[in-house]
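Accompanying notes for the structure given below.
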Amino acid sequence: MSTVSVNTYTHSVTYLADNMLKSVKDIIVQSGLDPAAFVGDWEFYKTGMRTWLQSGHLEKVILEVFDPTNDALVFRWDIEVSYAWNGAGDGSFWTDTDQLRFAIRKAGIPPNRARYRFLVIRKPGSVNVAGWVSCSFRSTAGMVRQSLGTTVEHSGLGASTSYLRRA
């Protein structure tokens, strides 16, 4: 019985990591930004996310879209993890791409010169994954949060998306 539960949880972790990354890629592409750097590091990002999802240490992934001329944040997209997985039920899974697409249009298109970077927040005690380093976040002062609610779900292991924009 525990083998089935472990395999099911591992499947949930894989589904969530893949679809959180796909959501970030969709934000990048639909915002008119170049996805090459993000897609080029896909396996690196997936390894870290799967490791920390499996252990329950991944709290949030963040996409900062910023203006390199002044280093100011233009938008910030947060995808926060919910660990309500119970292994029960029919194993339903879904990703709300329509809601995400609508929110991207509503947020607006960043200036042509905008750049982005992908970050994660982990709970204390998480294992180190090769290549991941600590960093600081750009200021969100003067920004307001718009919540989309849950956008990825697999048997209670899910992710909620929000974005921050200038007030």
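The values are calculated or read from the model by the stated rules, or taken from the named source; none is laboratory data. The structure displayed is predicted, hence computed values, not measured ones. Because the Cβ atoms are built from the backbone with ideal geometry, glycine has one as well, and the counts that use them run over all protein chains shown.
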List the strands (runs of 3 or more DSSP E) inside the range 58-153, counting only whole elements, that have at least 2 residues being at pLDDT 95 or above. 58-67, 72-83, 115-122
Which residue pairs have Cβ atoms closer than 7 Å, lie 6 or more positions apart in sequence or on different chains, and pair a first residue in the range 139-167 that is of a type in the set (Asp, Glu) with a second residue that is crowded, with 16+ Cβ neighbours inside 10 Å? Glu153/Phe93
